[in-house]
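Peer 1: Shown below is the structure under consideration.
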Amino acid sequence: MMRAATVATALFLAGSLISAQDEGTLRHAFEGKTVIVKIDMPGSSTGVNVHPSGSEPIDFRKVAKDLKQYGTGVHAGQSIMVTKVHIKGHHIEFQLGGGGFGTFADYAATANTASTVPYYEGKSRREKSLEHDLKYETNSQERREMKEELDDLRRERRHDNAWEASAATRANVDAEREMRQRRAEAGSRFNIRYDHQFPPGALTPDGTMDALAQYVDFGTSRPATGGAAASSPSGASATALKKGLTLRQVESLLGPAATATTESQGSIEIMTRTYSGEGQKIVAKFTSGILIEYAITSD
């Protein structure tokens, strides 16, 4: 039982280390880079959900609803910086221009302009007293003077209440305008979501770019994550191998794999691919689309 717990702990730590390495690779590849967005995105930290494996990766009806509710944080055709890439659960947060309005700090900054409810003044003690005394006053002169004073007090109260209502309306309009402006300046984000676990290659720069290819223009060049590329497999290509290359980079060096198998080690999937060429056989192992081990032997 203790051995099982030790194995589970080791697998958990290994998975956490790989996840941290994956996030580091994605951050290095994208953060600080400028991209062009192809769709309007809501000015909210909920952003736009992308399901790469779904028949309809984006629910555009929900996007339209969020655009109406929150306004536009990023406009189609806008050039914007990638400010954060974060792996969270089974999805990747790809934040643009700040990631969207909705953090605690955002709401704290707008607390002083929150919606205002007007304070309506009730009857004063003097007004209530005059209303009471009028019921019992019989002197006509006294009644006339009491009524005049009471009318003045009522007019003053109605005027004050009308001013309070107007001031509250103006404050609410200003607060809404400021909120919209802050949302328009806070950017947005894509949430690249997978149902159960990340498929091979998902946690690589190429995998992330492929998932967002319909919605983001990354430019003509893809981010480099190490390793030189060659147009065809050769002995020189094999010497360029090193741990940390993506599957796409490895196959640009060696060509397509001759065989490919996948096995699970706990929560981790290990993909083994073999390559042949110029009298050499190369066995390469990948986790999350990243080369973690390889061996070169004579074919």
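Peer 1: Straight-line reach only, C-alpha to C-alpha below 20 angstrom: list the lysines that LYS123 could link to, leaving out same-chain residues fewer than 8 apart.
Peer 2: Cross-link targets: LYS135, LYS147.
Peer 1: Here's another thing I want to ask about it. May I ask you to order 159-171, 23-35 by the average number of other C-beta atoms within 10 Å around their residues, highest value first?
Peer 2: Ranked from most to least packed, the peptides come out as 23-35, 159-171.
Peer 1: Within 10 Å of each candidate Cβ there may be at most 13 other Cβ atoms; applying that plus a DSSP loop requirement, which chymotrypsin sites (Phe, Trp or Tyr not before Pro) in segment 43-104 survive?
Peer 2: Counting only loop positions with at most 13 other Cβ atoms within 10 Å, none of the chymotrypsin sites (Phe, Trp or Tyr not before Pro) in segment 43-104 qualifies.
Peer 1: Also, I was wondering about something else. Over 32 Å between C-alpha atoms is what I'm after, so list which of LYS38/LYS281; LYS38/LYS285; LYS33/LYS243; LYS84/LYS242 land there.
Peer 2: Exceeds cut-off: LYS38/LYS281; LYS38/LYS285.
Peer 1: Please compute the length gained on full extension between ALA64 and THR272, using 0.36 nm multiplied by the number of residues separating them and subtracting their Cα-Cα distance.
Peer 2: Residue separation times 0.36 nm, minus the Cα-Cα distance, leaves 70.6 nm.
Peer 1: If amide H atoms are built 1.01 Å from N in the plane of the peptide, which residues on other chains or at least 5 residues away come under 5 Å of the amide H of LYS281?
Peer 2: Residues meeting the criterion, in which the H sits 1.01 Å from N, are THR297, SER298, ASP299.
Peer 1: Something else about it: How much solvent-accessible surface does LEU203 expose, in Å² to the nearest 10, with a 1.4 Å probe and all protein chains in place?
Peer 2: 10 Å²
Peer 1: Another question, if that's okay. Ordering THR204, THR261, THR83 by accessible area with a probe of 1.4 Å, largest first, what comes out?
Peer 2: I get THR261, THR83, THR204, largest accessible area first.
The values are calculated or read from the model by the stated rules, or taken from the named source; none is laboratory data. Please read all numbers here as calculations on a predicted model, not as lab measurements. Methodologically, a virtual Cβ is constructed for each residue, glycine included, from the backbone with ideal geometry; neighbour enumeration extends over all protein chains shown. Surface accessibility is based on the protein's heavy atoms, side chains included, excluding ligands, DNA and RNA. Shrake-Rupley method; radii C 1.70, N 1.55, O 1.52, S 1.80 Å.
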